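Quick notes on the structure that follows.
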Amino acid sequence: MTLARSISLLLIFVSMLPASCGPATEGPSPESSRAQPRQSAAATAPTTEMTMEETTPAPEKTAANVAKERTAEARKEPKAEAEDKVVEVKIEGLKYLPGPVTVSPGTTVRWVNEDRALHTVTSEGSGGPLASEKLGRGESYEYTFRKPGQYDYYCVVHPFMKSGVTVK
């Protein structure tokens, strides 16, 4: 171990000591005058930054700890069903990406226009639930599908752009 590294480690150790372990501050003492040269020598020596993680080995996982982790994981409550789920469809390159999607009831589908052109999300046929305004770049439209079925849609501005959502 080099002298500079030894000094650096000593300084790290001393800096971690509580204030009550240091020298008394009532007045100059022979110890404080001796400590002064050590501090100035350390200031000129190259320092090596070390963290506690580097100097302290990681604790080993025991079978008991692994068993505790598994038990804690098993006790966690199951996640809420699809009610909170959001599936994103990008509108890019005059396409809906990914193409048709399949979701479970309660899932929200969000369409985000990433094209420079205006686009819509409009149900095919009459009376469908999808009816967005014209979406500019960066704008989005979303709909939460509650009932199973097939929901085909297209873009009013570009009628060749078609896709669909299957709810199972």
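Each value in this text was obtained by applying a stated rule to the coordinates, not by laboratory testing. None of the values given here were measured: they were computed from a predicted structure.
Summary table below
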item	result
Rg [Å, one decimal], Dmax [Å, integer] - the range 82-168, C-alpha atoms	11.9, 33
Relative contact order, percent, the range 104-167 [alpha-carbon distance under 8 Å, six or more residues apart]	37
